[in-house]
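Presented below is the structure to which this report refers.
No lab work stands behind these numbers, since they all come straight from the coordinates. All values derive from a computational prediction rather than experimental measurement. Here the Cβ is made from the backbone with ideal geometry for all residues, glycine too, and neighbour counts use every protein chain on show.
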Amino acid sequence: MNDANLKAETNATALNGTANGGAMPRFDMPFFNFQAIFGDLAEQGAARAKANLERMRAASEEVTEALREACSTNATRAADYGTRVIEISNINTSSALEFLSQLADARSFADVVNLSTTHSRKTFEAASRQNRELWDLAQKVATETAEPIKKSFKLVLHGAA
């Protein structure tokens, strides 16, 4: 037997069902089991995707809880800050009214100058203390608000790596 006499047979049928009437033949390849080859890969990919989605869901819940905690802390500290601003405003108003009362009782120009100088010094010192106190409160608000978010993102990013 030589190569010239070898005849190849296939399980080919024409796409239109006729005997090779110029149509492209369709070949059956029973020795390839695509379901078995790619089925396992698809199952592994689906399992990985499901595990990744579960990790993303857990991370999202952690970040949501951290944001909820941060908002709660921020609201509490902002209320503290606002309360302190109102208290300071009350103190300053009382001081101004007391100064006006003292000015009304002044007997001479020298008394007015002396009262004004004393009041200006006290007002400046009080304002310096109050500004420092408000600055410290603002830093506390920022730090306590950012801390849970920072910790949560650090955990989430560390867990993702």
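Brief remarks follow.
- Using the Cβ-Cβ distance between Thr143 and Arg68 with R0 set to 22 Å, the FRET efficiency from 1/(1 + (r/R0)^6) comes to roughly 0.75.
- Derived scalar couplings between HN and Hα for segment 126-138 equal 5, 4, 4, 4, 5, 4, 5, 5, 5, 4, 4, 5, 5 Hz in order, rounded to whole Hz, by the Karplus curve 6.51 cos²θ - 1.76 cosθ + 1.60 (θ = phi - 60°), x for Gly and Pro.
- Once both labels are positioned 7 Å from their Cα atoms along Cα-to-Cβ, the gap between Ala58 and Ala78 label points is 3.3 nm.
- For segment 68-107, the Cα gyration tensor yields ellipsoid semi-axes of 39, 4, 4 Å (square root of five times each eigenvalue, largest first, whole Å).
- Shown here are the Rg and Dmax of the Cα trace of segment 47-161, at 25.6, 91 Å.
- Percent RCO, i.e. relative contact order, over segment 60-161, from Cα pairs under 8 Å lying at least 6 residues apart: 63 percent
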